[in-house]
Every structure is written in C-alpha cells, then in structure tokens.
Amino acid sequence: MPGLGITVSPTVLAIRLRQLGDVLSTLGSLRALKGAAPDHRVLFVVDRAYHALLRTVPFIDDLIPEPPAAGGLGRLAAYGDYVNDIRSRRPSCVLDFHSNTRSAILSFLSGAPVRVGFDVRVRKLLYTDVEPRAVYRSGGIAPRTSHESALALVRRCGFASAEGTAGGTIPVTPDDRLRGSEILVRSGLTAEAVERGKLVGLNPGNPYPAKAWAPGNFGRLARMLGDEGSAVVVLWGPGEKEAALRVVAESAGAARLAPPLALEQLPGVLANTRLVVTIDSGLKHLCVACGVPTVTLFGPTSPFEWHMGGPLDRYVYPAETCSPCRLKECPYEIPCMMKISPESVWNLVVDMEREMSSR
C-alpha cells in the first residue's frame, strides 16, 4: 500500500508457450530487458516441461505454467482461476512472443495496460501495440533472427535501451559440468576422453523428413573425428533414439550413444563437449544458450532466421533456389541437405578448432 511506504516493482509478463528452440530464442531479449530495467520483475509463462531447465536463469523472477485448456465447465473454471492469478500479479506490460490465439487472449485478459505482440491477423486487435513480423528495406524483406524479433518486441514495450545477444543465457555451474561428465563416463566414454577436451557431440535429432541429414553422413563424420583423435557422443531426446542408434551403427565404433537424459541434465553434459554438430533443432539453441560452439546444418529453414550463435557458432547452408521452403516433406529428395557432405562439415570443424585454439 502506498501509504505504508511499500514500493511494488513493475512487473513484465512474458509469454512463449513452446517449442524448445522458440522458448530459448526469447531468453536473450529477456536478459536485455532486465539489463535495461533491473527494477522490473520478469514473469515468464512457458510450458511446464521447460521449468526445470529454466529455474536457475537469473533474469527470470518467476516461471508460470501454460494456461489450462478452457473446454468444458470444469476446465473453464480452472482457466478462470488461472486468469485471476495472472491478474493478481498486476503486470504493467505483456510481451507476447508467441502471438497465437491462446497467448493473445491471455495477454488481453491479463489486465496489463500495455500489451505488445506481433502484427498477425485478427489477434493483433488484442494488443495495444504491435511489432511487424517482417521488416522491409529497399523493397524487400530484411533478414531478422528470432532473437532480433524478440528484442524488437521488448523495445516496442518501452525498453528502448535493451540490447544483447542470444548466447550464454543458461547458467552452467561446475557441479552441473561434473554431473555431466559422470553421465558421459557411465555411457561408456573414458574419463580421459571426457576430461581432455576432445569430446564432440552429434545431434541427428528426429526431424521432419526435409530437415534430415543421412545417418551415413553423420557416421562418416564420426569416423573422421575419431581418426583425428576425438571422442564422439550421439545425443538424442524423446522419439530420437532410433535415429541416434543408426548414426552409432554407421560410425563403425567411432561414436557412443548418450544415455537417456532429462532436459535439465543436458547443459551439464553439453558443457563437456568442445563443440556440437547438429541439425536446426531445439538442442542447437540449447547449445548456444549454454555457450557451447556449434556447427548447424540448415536446409529447408534459414540461418538468417534461426542461427543466433556467437563467433564460434557456424552453419552450413547450401541455399538452393527453393530454400528456405519450410516444408516438412520435400518433393525433390531434399537437394539442400543432400548437398551437405561430411567433408564440408569436417573442414568447418577444423577451421573452428583452429580458431578456438588461437583464443
């Protein structure tokens, strides 16, 4: 109460419900917001599945689970309780990074006097201000990464001095790294291989077909890395074990399969790798968030939108005339991904290692 001399910090409600890569791409902008306005509380509405990963992020003051579905009388009551809880936090501003129907309605019902989202169809009517999805310069669309778009949303909310990068937003402690090394040793890697800084991660993922790089290519790359003296571990998540096992089989013994890992265990494991070769995926963005160097293979998606790493994050992008198509299935046998050879990726890895050793 003002009469008691109690000062209530202004509260920003940020919304990014899912997917992992999208959630992680907002973190740099939230860190920039906190840097520009350290007195503000930052509340982050995000899928509960990511809370364990994000709970130690220092610039997020509270994590709020995604809103319940509103169908049926019982669920409608739960949704009403959820909205009342949001309103009780008295947000002064909403940043809707998701800007879908569900998040736009929540923004509107939050009671915040300032609500900023992206300029999309009818949903934009629920915001007090909107940020264009695309920026046009000289008669064409100017490339802008997801991080840059999120940062533009923060500035439109009134934090004009917000600046920063997307990298290094997930803290990794020495204890996290130690636990990660113990996990890797249990997977069959030797302690020496983990500790001497020669471990490379491969992430084939289980993408939609247009994003896939052949297991034989990953296997060939693993053999080249093994011949050079590196230890190789194949990383995988839910639904990705079969793809990872195919890579291990193609590696002819050069690669080990990582054990099953909870999302919050991954930063500690990744911290023990000197770099990760990955398709465009949530794990790629987690590597960047943890400060782990990456080589990312782009084909149907664009690095100009989704490559948000630092100087030690590189990408391969054949840029076919049909790229980026953003199709889940390619009608032309994926010429963009087929053009990426293990040798070209290997050469990029060698260049990166040379640069890292000179730092």
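Derivation of every value follows stated rules applied to the coordinates shown; laboratory data play no part. If you're wondering where the values come from, they're calculated on a predicted model, not measured in any experiment. Positions of Cβ are backbone-derived with ideal geometry, glycine not excepted, and every protein chain shown enters the neighbour counts.
Could you rank the peptides 66-76, 40-50 by their average count of other C-beta atoms within 10 Å per residue, with the highest value first?
40-50, 66-76
What order, most packed first, do the peptides 249-262, 213-226 have when packing is the mean number of other Cβ atoms within 10 Å of each residue?
Averaged packing, sorted descending, gives the order 213-226, 249-262.
Quick one: among 234, 122, 288, which has the greatest mean-square fluctuation in a GNM of the chain with alpha-carbon springs under 10 angstrom?
122
What ratio of Cα Rg to 2.2 N^0.38 Å holds for segment 234-343?
1.11
Of all DSSP beta bridges in segment 174-357, what percent run antiparallel (nearest 5)?
About 0 percent, rounded to the nearest 5.
Residue 97's amide H: which non-local residues (gap 5+, or another chain) put their own amide H closer than 5 Å, with H modeled 1.01 Å from N in plane and none for Pro or chain starts?
15
If r is the Cβ-Cβ distance from residue 62 to residue 39 and R0 is 25 Å, what FRET efficiency results, to the nearest 0.05?
Computed FRET efficiency for residue 62 and residue 39 comes out at 0.95.
Indicate the gyration tensor shape class of segment 114-162 (rounded, prolate or oblate), computed on the Cα atoms with a ≥ b ≥ c the square roots of the eigenvalues: a/c under 1.5 is rounded; otherwise a/b larger than b/c is prolate and the rest oblate.
Here segment 114-162 falls in the oblate category.
Find the relative contact order for the chain and round it to a whole percent, using C-alpha pairs within less than 8 Å whose residues are 6+ positions apart.
15 percent
Spelling out what I want: for every residue of segment 144-154, take phi, set θ = phi - 60°, compute 6.51 cos²θ - 1.76 cosθ + 1.60 (Karplus), and round to whole Hz; glycine and proline get x.
Per residue, the Karplus-derived 3J(HN,Hα) values read 8, 5, 4, 4, 5, 5, 5, 5, 5, 5, 4 Hz.
Apply the Karplus parameterisation 6.51 cos²θ - 1.76 cosθ + 1.60, with θ equal to phi minus 60°, to every residue of segment 340-354 and state each ³J(HN,Hα) to the nearest whole Hz, in sequence, with x for glycine and proline.
Working through the residues one at a time gives 7, 8, x, 5, 5, 5, 4, 4, 5, 4, 4, 4, 5, 5, 4 Hz.
Length gain on complete extension for the stretch residue 208 to residue 344, per 0.36 nm per residue less the alpha carbon to alpha carbon distance?
Difference between extended and current length: 46.7 nm.
Amide H to amide H, which residues 5 or more places from residue 279 or on other chains are under 5 Å from it, using H placed in the peptide plane?
It is 203, 297, by chain and number.
Treat every Asp and Glu Cβ in segment 232-345 as -1 and every Lys and Arg Cβ as +1, leave all other atoms uncharged, and give the resulting dipole magnitude about the Cα centre to the nearest 20 debye.
200 debye
Return the FRET efficiency for the residue pair residue 141, residue 49: r is the Cβ-Cβ distance, R0 is 56 Å, and the value is rounded to the nearest 0.05.
0.95
Compute the length gained on full extension between residue 186 and residue 241: take 0.36 nm times their separation in residues and subtract their Cα-Cα distance, giving the result in nm to one decimal.
18.1 nm
Around residue 261, under 15 Å between beta carbons, what's the net of Lys plus Arg minus Asp minus Glu among the other residues?
My count for the surroundings of residue 261 gives +1.
At R0 = 51 Å, how high is the FRET efficiency between residue 85 and residue 252 if r is their beta carbon distance? Nearest 0.05 is fine.
0.40
How many Lys pairs in the chain lie less than 26 angstrom apart by Cα atoms, where the lysines are 8 or more positions apart or on different chains?
14
Would you mind counting up the charge near residue 129? Only other residues with Cβ under 12 Å from its Cβ, with Lys and Arg at +1 and Asp and Glu at -1.
Net of charged neighbours comes to +1.
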